[in-house]
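Submitted below is the structure of interest, expressed as structure tokens.
The values are calculated or read from the model by the stated rules, or taken from the named source; none is laboratory data. These numbers come from a predicted model, not from an experiment. Using ideal geometry, Cβ is built from the backbone for each residue, glycine included, and neighbour counts are taken over all protein chains shown.
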Amino acid sequence: MTISRSIALAMFVSLILLANKNSTAQNTNANKQKANPSLASYEKYIDEHMDAHQKEFIELVSIPSISSIPSYKPDAARTATWIVNKLKAIGITTAQLIPTEGNPVVYGSWDKAPGKPTVIIYGHYDVQPVTESEWDTPPFSPVLKDGKIFGRGASDDKGGIMTTIWAMETMLHNDGKLPVNVKFMFEGNEEVGSPYFKNFLEKNKDLLKADFALNADDGQYDENTPAITVSLRGSVTLEFLVKTANTDAHSGEFGGKTPNSALILAQIISSFYDKAGNVAVEGFYDKVIPISAQQKEMIKKIPYDPATDMKILGTTAEVGDPAYSPLERVWYRPTLEIVGMQSGYTAPEGHSNIIPGNAMARITCRLVNNQDGKEIIDLVVKHINKNCPAGAKVTYKYSNGYARPMVLPADTKEYRYISEVLSEIYGKQPFQYASGGSVGAMLSVKEVLGLYAYPLGFELSDEKWHAANEFFRVSSMRKGQLIYCLYLHYLADEESKLKK
């Protein structure tokens, strides 16, 4: 069934406002539902199945699909199989696992809308590792509390995957069909930089043909304000080990004459930065393009308050080069971050008087515009070797791939369709937003499939992605389903108009 743009958008505004308990909107919504009851039936189905969907979600989040630890590979496979079975259960009979050099990709398609466009939806089911002692509840025993589901991967990105699947379930149940053709590709190695994804796309290029692409691994500015991400930083990782002895040494017997690996590691790390906090690795900024006037204007429109982030994180200060604003630094400047360190005796209890023979650090560099991950890592390795003193040896563990920076144009019909739907639902224009994070697969989608995968996700910045006590809002599950239903109908209508 084709739904007119004016009725559909107006009705969904009412539905979303109803979800936010706006009494005026409730009255408007009641009148609109009489004009077109099918959209009201979507909302009815979603609400009636919310408890069942929450149970499904808890079951999925319970599976520890950590991609960066090889021993969790069976759990990743179990997660992918779970998603395939769910897709089949809602009527996606083509759902299957497609092997890669790493974890499999979940693929499925619904292609029963002849003459209509095809939309391919990306998400990822793998998750970050955990430090269980930092969690209030076990990270893979999800709990529902205060309208939030807590568990590793709940927000990033199992919430994104399930929101899209449930939206398709709603439309297939109510209408027996979708307004457009839909394909799913859910990756299992995003959290390690998507090293196998481009090869997957190249091998399955014909199978993955589409007219539009969406990225469910994204979010909105806040619960009441929409945003469309038009820029992503890239990333690359490195682990290095400093060795000074074959064994730890007694600090009394050998202290004062034996190199200390922890001290040398600290000296190397200190050498990464100058006094202003900029990266001191030679050549690190050589290919960075200056922030444009357009980007500066985009930032001015964002109501950024440093106190908000400090409250979320529990921090008391901002750092970084004062020549750039905080958002300029996060969105358009590269970084070198220490993401992990280990040396000596670090058990929760006890004290061991040793001189550590080994020390390890892990770093992540966030990249911008035309920086190349391999080149950056080569520069960092050269810097470490130069600053490693006598008596120490450094070895390296390199990542299999890296995410490259990406910019999405804001002057396309693809962008306009999403912008207009979000504008009507939220009652305001979405911010053009940049992300300091990375989604390595997006550039591969553009290079291989020729499509920009525009973001349409519902993560929020306080949901502690990659950190302890990650969660996803139940309200976002609901809102996201409604928006996906509307978007696909709106896309079908707008594309039909172009053919006339």
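Just to confirm my filter: which helices (runs of 4 or more DSSP H) fall fully inside the stretch 232-337 and include at least 2 residues that are among the hydroxyl-bearing types (Ser, Thr, Tyr) and under 22 Å from Ile377 (Cα atoms)?
Because the criterion is at least 2 residues that are among the hydroxyl-bearing types (Ser, Thr, Tyr) and under 22 Å from Ile377 (Cα atoms), the helices (runs of 4 or more DSSP H) in the stretch 232-337 that meet it are 261-271.
Also, I was wondering about something else. What's the total number of residues in the stretch 159-203 that are crowded, with 24+ Cβ neighbours inside 10 Å and charged (D, E, K, R)?
2
Of everything in the stretch 453-500, what is among the hydrophobic types (A, V, I, L, M, F, W, C), surrounded by fewer than 24 Cβ atoms within 10 Å (Cβ to Cβ), over 27 Å from Gly440 (Cβ atoms) and in contact (Cβ under 8 Å) with a residue 24 or more places away in the chain? Give them in sequence order.
Correct list: Val474, Leu482, Ala492.
Scanning for something modelled with pLDDT of 95 or more, among the hydroxyl-bearing types (Ser, Thr, Tyr) and in the same structural domain as Phe200 (by TED's automatic domain parsing), does the stretch 455-466 turn up at least one residue?
So far as the stretch 455-466 goes, no, none of its residues is modelled with pLDDT of 95 or more, among the hydroxyl-bearing types (Ser, Thr, Tyr) and in the same structural domain as Phe200 (by TED's automatic domain parsing).
Of the numbered conditions (1) touching a Gly at 6+ places or on another chain (Cβ under 6 Å); (2) not in a loop (DSSP other than H, G, I, E, B), Gly401 fails exactly one; give the number of that condition.
For Gly401, the exception is condition (2).
Which residue, of Val445, Val421, Val381, Val474, is β-branched (Val, Ile, Thr) and either closer than 16 Å to Ser235 by Cα or assigned by TED's automatic domain parsing to the domain that holds Leu241 (or both)?
Testing whether each residue is β-branched (Val, Ile, Thr) and either closer than 16 Å to Ser235 by Cα or assigned by TED's automatic domain parsing to the domain that holds Leu241 (or both) leaves just Val381.
Just give me the residues in the stretch 371-398 being of a type in the set (Asp, Glu) and either closer than 30 Å to Leu491 by Cβ or assigned to a loop (DSSP other than H, G, I, E, B) (or both), in sequence order.
The one that is of a type in the set (Asp, Glu) and either closer than 30 Å to Leu491 by Cβ or assigned to a loop (DSSP other than H, G, I, E, B) (or both): Asp372.
Next question, about the same structure. Conditions first: (1) buried (at least 18 other Cβ atoms within 10 Å of the Cβ); (2) without any contact (Cβ under 8 Å) to a residue 24 or more places away in the chain; (3) among the aliphatic types (A, V, I, L, M). Leu263 passes all but one, so which condition is the exception?
Leu263 satisfies every listed condition except (1).
OK, next. Filter the stretch 354-367 for residues that are buried (at least 23 other Cβ atoms within 10 Å of the Cβ) and either not in a strand (DSSP E or B) or not assigned by TED's automatic domain parsing to the domain that holds Phe240 (or both) and give the result.
Pro356
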